[in-house]
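Reviewing the structure listed below.
The values are calculated or read from the model by the stated rules, or taken from the named source; none is laboratory data. What you see is a predicted model, and the numbers here were worked out from it, not measured in a lab. Cβ coordinates were reconstructed from backbone atoms using ideal geometry, including for glycine residues, and neighbour counts include every protein chain displayed.
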Amino acid sequence: FKPAPYAQFRDTDVDRVEPNFLKIQIQPDEGMWFDLQAKKPGPTLDMQTIELGFAYKDFFEMQPSTGLSQANIDAVRQLRESGIHFTIASSRPPRAMRQQIEALGIDLPTVAFNGANIIRPDGSLLKAHR
């Protein structure tokens, strides 16, 4: 970034004041933090970084994210209740699919590695295509 055109502390011993930062974190620790420069009390210009922050986990009970919306989970549940079979196919390895499989209540074989593996509901290999 370019320096500000107006020097806030010109004609002082401070050449440059560190910038303020707004940090937004999405996962796994969702929240926002604002790092700003503040002058320490006293006759000298001594700047210090202060962090103001908000973390969702400090205020709300957090559940592990499956990456699925509640609407998708409900839709798959309605399919099962209607007698319609549902499973998933993914490019992911079986271990990375486990959260989605459990969240959706899938009790049929699933497809992993873009079709290279067919996985039983217990996570064991049913068929490997080479």
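Suppose we keep only residues that are within 27 Å of the chain's Cα centre (by Cα) and in a loop (DSSP other than H, G, I, E, B) within the range 96-120. Which one would you say is surrounded by the fewest Cβ atoms within 10 Å (Cβ to Cβ)? Once the filter is applied, the top-ranked residue is 105.
Please state which one of 15, 46, 11 is at pLDDT below 85 and in contact with a strand residue (DSSP E or B) (Cβ under 9 Å, 6 or more places away or on another chain). Show your work before the answer.
Values: 15 fails: in contact with a strand residue (DSSP E or B) (Cβ under 9 Å, 6 or more places away or on another chain); 11 fails: in contact with a strand residue (DSSP E or B) (Cβ under 9 Å, 6 or more places away or on another chain).
Testing whether each residue is at pLDDT below 85 and in contact with a strand residue (DSSP E or B) (Cβ under 9 Å, 6 or more places away or on another chain) leaves just 46.
Put simply, of 92, 80, 130 the only residue that is in a helix (DSSP H, G or I) and not hydrophobic (A, V, I, L, M, F, W, C) is 80. Since residue 79 meets every condition but one in (1) assigned by TED's automatic domain parsing to the domain that holds residue 2; (2) more than 30 Å from residue 2 (Cα to Cα), which condition does it not meet? Unmet condition: (1).
Looking at this structure, is residue 88 modelled with pLDDT of 85 or more and over 19 Å from the mean Cα position of the chain (by Cα)? Lay out the reasoning, then the answer.
Numbers: modelled with pLDDT of 85 or more: yes; over 19 Å from the mean Cα position of the chain (by Cα): yes.
Here the answer is yes, as residue 88 does meet what is asked.
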